[in-house]
1. Restricting attention to the stretch A:139-154, does a residue exist that is away from ligand 2 (no atom under 16 Å from the Cβ), without any contact (Cβ under 8 Å) to a residue 60 or more places away in the chain and either open to solvent by 10 Å² or more (accessible area, probe 1.4 Å) or within 13 Å of chain B (Cβ to nearest Cβ) (or both)?
2. Within the stretch B:500-556, take every residue that is open to solvent by 30 Å² or more (accessible area, probe 1.4 Å) and of a type in the set (Lys, Arg) and give me the one that is farthest from ligand 2 (Cβ to nearest atom).
3. Of the residues B:Asn461, B:Asn494, only one is away from chain A (no Cβ under 14 Å) and either within 16 Å of ligand 2 (Cβ to nearest atom) or within 30 Å of B:Val544 (Cβ to Cβ) (or both); which?
4. Can you name every residue in the stretch B:650-703 that is part of a loop (DSSP other than H, G, I, E, B) and in contact with a strand residue (DSSP E or B) (Cβ under 7 Å, 6 or more places away or on another chain)?
5. Assuming B:Pro687 fulfils every condition listed in (1) within 14 Å of chain A (Cβ to nearest Cβ); (2) over 28 Å from B:Val653 (Cβ atoms); (3) open to solvent by 20 Å² or more (accessible area, probe 1.4 Å) apart from one, which condition is it?
6. Looking at A:Cys62, A:Cys43 in this structure, which one is within 30 Å of A:Ser323 (Cβ to Cβ) and open to solvent by 20 Å² or more (accessible area, probe 1.4 Å)?
7. Does A:Lys247 satisfy the criteria of being among the basic types (Lys, Arg) and touching a strand residue (DSSP E or B) at 6+ places or on another chain (Cβ under 6 Å)?
8. Check A:Pro286 against each of (1) over 30 Å from A:His171 (Cα atoms); (2) in contact (Cβ under 8 Å) with a residue 60 or more places away in the chain and name the one condition it does not meet.
Amino acid sequence: MKITEDGEPYGLITNIQKYTIHDGPGIRTEIFFKGCPLRCIWCSNPEGQSYEQQIGIYPSKCIGLSKCSLCINSCPRGTDTPIKTEDDRLLSLQEIPECKNCFRCAEECPSRAIMIWGKKMSVPELMKVILEDRNFYLKTGGGVTLSGGEVMLQWEFAALLLKACRDASIHTCVESSLYCPTEHMEKVYEATDLVITDIKHMDTERHKEYTGVGNELILKNIKRTAELKKPLVIRIPVVPDHNNSEKNIRATGEFIRDVLGNHVIQLQLIPFRKIGTEKYATLNLPYPMGDFSPPERSVWEKNLLRLTEIMKEYNIPAVAGSSQKMC
Amino acid sequence: MLARELTYHNAVKVEPLPVEPFDKEWGVGISGNTPEPSPFPRINRILSKTVKTTNGFVSPDRAILVTEAYKKNPGAPQIIKCAEGMANVLRNTPIYIYDDELIVGGLGCDKKGTPVFPEFGLNWVVDEMRDGLMDYSEERTHDYFSFSKETQDKLESIRDFWNGNTIEDYANSILTDDELKGSHAGKGVFFADAYILCGAGHLGIGYDRLFKLGFKGIRKLILDHMENVDKSLPDGIKKYTFLRAELIVNEAATDHIMRYADLTKEKAGSEEDKTRKKELLQIHKNLKWISRNPPRTFWEAIQMVHLANCMVHIECNGHSISYGRFDQYMYPFYKQDIANGTSTREFMQELIENFYIKIWDLNKLRSHILIKTFGNGGIGGQALTVGGITKDGKDATNELTYMALDAHVHIRIPTPWLAVRLHAGTPWELKVKTVNTIRVGTGEPKIFNDDVTIPSMLSSNVEVKDARDYQVVGCVEPDATGKSYGWKDCGHMNMAKVLELAINDGRCINCGPECMRWQKCGAIGERLGVATGSLENFETFDEVLEAYDRQMKYWCDRHVSVLNAVDIAHQQLKPLPYLSSLMEGCIENGKDITMGGVKYNFSGPQGVAIGTTGDGLATIRQLVFEEKRISGKELLDAVRDNWVGHEPLYAYVNSEKVHHYGNDDDYADELTKFAMDTWCKHIEKRPNTRGGFYQPGAYSVTVNVAFGLKQWASVEGRKAFEPVSDCMGAVHTHCGSHDISGPTAICRSVTKLDHARATNGTLLNWKFSPTSLTGNTGRDSFIALIDEYIQRKGMHSQFTVANQETLIEAQKNPDEYRDLLVRVAGYSAYFVELSKELQDDIIGRTVLSFD
Ligand code: SF4
Ligand code: SF4
């Protein structure tokens, strides 16, 4: 676990979102952890992938060098700065190793044309924000959801934060790929009330193709989660032409029925949407599904509903989307 | 679909049993784009013949008839002239009855027509007609009025008679430059012109009292009091004259209703359809009865509500003549009609829907300037309140509460303006019904919080039983129904302009020869406001706060002077005898309502730009006095230069690096509270001319756009002429929204302000994208958000549900979005009919999107 100079443990957080209503019951505050071992090609939060602070670039927000230039002037590398400009505007910033300990340009930029993805936050700092909305949790059975990125990468910090929430009587939920050592997961579970996880594909080869890793560890951990009797919500991010075959859906259904003993409080089939593309651009990353064009919404929604019906054949509480109450 | 099929009986048959299930869902963000929305074929037929516009035409009859009466009574006391004028209109103005309708009545002109009120000022009407500013033109793209040559000639012919004898003339003649320099006629620190060209309105007649007495009973009351007046006492003759006027209008009101009764009978005579004939005969009977007597059935009562209210409009030229607590005063009729089989739930539902559409057919003439300032037209402000607690403190919800909401969804037109009163004990079912109605996305209803409104009214010396029985009038204002003349919405103070003058030694920040007042002000070393020092020299932030406080007092003095002058003009020239007869206290006290005849007399101007001022103070404190990032002079220079050449600072003040109101950040929220409290402190409890006192409000409706157009840039990152912040909402500048932390943070920030202190009302406009409200998670989270707002003593909220893309699309292709209703502020309107600036303002409100 990382600690600050004052000895305070901290986590690397990309974002805090209040009033999330789709990731766990009720009104929740969602904490996005930075860093993820998977590389799902449909990922819509690429800023959550790297476990390091990163510079994000929004050239369109730059107000112009002739009017500002605070970034270039603050860069300690002088003329050798990695900040590239064009037509009086910020163009790009190819991070060099020195940037990691500097980020001065981002601090100076008044318009968030250069910004930092990832903020170091301690448990007390996070708890301050979390507690602000406590009344909303109480009214709706809501609470806190840790999400990512991958929570389990920062499992020690996550466990601390969850403990703090539990001590404050706040319902806790962890949304994780469960691609992690089982011991870490179990440690995190000590103060976790609800788990949300994905089954992205039942065929490990395809799983590897789409996410970079096989599915064995994940399925094992899901099974373990069920054994531990943790309330479990499973999601299938249904991506057309990738994992929406009836065969794969049925295989998932069988797994839930046979291996998890239907120990699932809700199964959500989440429609794929092409979002997050602009965030890839800010990170100088190509959007992996750039060439993919999803089918018409009307066709697609019908397909999703059909798959949901198939899941119900397995006696699974399946729903399309995430706007039906979990519990 | 047969209406009967709709009847819902839940498994255990628990109350309520309205026509629709309490949890019926109509969809999210679908607005008006549904053909035949009502389950009743008759209502859909009427709707198909209803034009969905607030445009209309000018009808000269009222103006001519009033003039005729004034000319006939040259030496009579003003109140007799007024009564005779009203009587002449009621007896002679044209009346209409339309196909299919079950409730009749109007404003003495055809649907969408508008009477003219020369008493307030006729010149502008005739001038606008002449100058092409009345009908559609580039200067007037919405809320325009057509007129015939004959109409124009008729009005032209009476122009001289009114010249110099109007409210406008009177008010102006008693004011000096010192009061006017900061007003609508000057630099726009405040606006006080709302009731110069029109009546004050903003009240509701006492329906309970009218139902008890009937016009016959009121007549008896007048005669009784006449008998008892001692004319030898100093005010005896005055009282007697007033009562004479009461008698004149009372008789005329009965005659007016009888004219409708006669016309219905005539129509029935020539009607071939048997069912319709029967209906017409029943309407005839209803009218004949209620022309004198208290109503006996739901149908008679709702007919009486409509006609009695229309006559108030015909007399007073005000808007926001509201319908009181409809579900309360109608419930005894509902219950009794069900019990004795006189009527069915379905038929009463149909009557309510018909009644709502009748309101939409009414219209009101406004000048092109007023349209620009207040944004929207139509009859305006006719609120209808449901829910809440009873006079003895119990939950008041009944079946009509639900039916009143269902009726709106069944017709989806923006009248009346629905208000649901909520309190700690509001049943879950009503919350669901309210939220499902809101989710449709027409902008209706607004919600009001009893748990803060009632204490707030008590603090204004309103008696407990009257406070608990409050209705909402117009956009925002709580009102002791039938007993109060509140002069709600009479003026507006631009707090952001006050801050500008406070930090620039009483001068406008852009002071220079282009200014309209330069010769009598800047050029001779004068200043607009009071000298309160400059940010260039302040050494501590406390000096800023003190300057703001002193500057506010100076402007409140002037604002109140102008408002008093307008009030006096109304008393002298335009007493309201008909309205007085329907308000408790006037006949009893022998005093017209304009003179303070009712029990409660208030004047309610609003503080505008709360967020802008709060963020301005936070910016100054943080950048100049704490971070010392810039000097006070640099900040003033940047604003003076409209931020040109100061782009990094402009971006910075608009970024989240500066404390901003609306993010649950105490730093900014506390200063915003200070900004608002200072306004309240200098307005509250100042005496007014009717024996009552002033009540501060905290909302802008759309005046924030108009104030913005009059103000140069400001320190929190606004460029010149952009709108200042809306109501109690956070700042949204062209550079970005200052509230970026989602709805829970908004809820908490806004409720750190002292709503109860704004005794004239507060308002928060929310905007949601449909995706954030779908499903039962969306619904129940939304209910929780409202609950928390209520619990934290937020007074009033309104909701727009439409995605931003839709709004932008609608702006581009207005023809395809004629039906798109949005919540503007205080009311809903057809989006495409709003001005470009206002559309942009609505689009700019933070979309609370989190899907
Ligand atoms: S600091 Fe930001 S706004 Fe200024 S020039 Fe650099 S990128 Fe542009
Ligand atoms: S002269 Fe200057 S201070 Fe006076 S009103 Fe004009 S701009 Fe404001």
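The values are calculated or read from the model by the stated rules, or taken from the named source; none is laboratory data. Please read all numbers here as calculations on a predicted model, not as lab measurements. Here the Cβ is made from the backbone with ideal geometry for all residues, glycine too, and neighbour counts use every protein chain on show. Just so you know, the surface numbers come from the protein's heavy atoms only, side chains and all, with ligands and any DNA or RNA stripped out. Shrake-Rupley method; radii C 1.70, N 1.55, O 1.52, S 1.80 Å.
1. Of the stretch A:139-154, the ones away from ligand 2 (no atom under 16 Å from the Cβ) are A:139-154.
Filter again for without any contact (Cβ under 8 Å) to a residue 60 or more places away in the chain, leaving A:152.
Those left that are additionally either open to solvent by 10 Å² or more (accessible area, probe 1.4 Å) or within 13 Å of chain B (Cβ to nearest Cβ) (or both): none.
No; the residues of the stretch A:139-154 include none that is away from ligand 2 (no atom under 16 Å from the Cβ), without any contact (Cβ under 8 Å) to a residue 60 or more places away in the chain and either open to solvent by 10 Å² or more (accessible area, probe 1.4 Å) or within 13 Å of chain B (Cβ to nearest Cβ) (or both).
2. Applying the filter and picking the extreme gives B:Lys553.
3. Working: B:Asn461 fails: either within 16 Å of ligand 2 (Cβ to nearest atom) or within 30 Å of B:Val544 (Cβ to Cβ) (or both).
Of the residues listed, the single one that is away from chain A (no Cβ under 14 Å) and either within 16 Å of ligand 2 (Cβ to nearest atom) or within 30 Å of B:Val544 (Cβ to Cβ) (or both) is B:Asn494.
4. Result: B:Asn654, B:Glu684, B:Lys685, B:Arg686, B:Asn688, B:Arg690, B:Gly691, B:Gly692, B:Gln695, B:Pro696, B:Tyr699, B:Ser700.
5. (1)
6. That would be A:Cys43, the only listed residue that is within 30 Å of A:Ser323 (Cβ to Cβ) and open to solvent by 20 Å² or more (accessible area, probe 1.4 Å).
7. In short, no.
8. The one condition A:Pro286 does not meet is (2).
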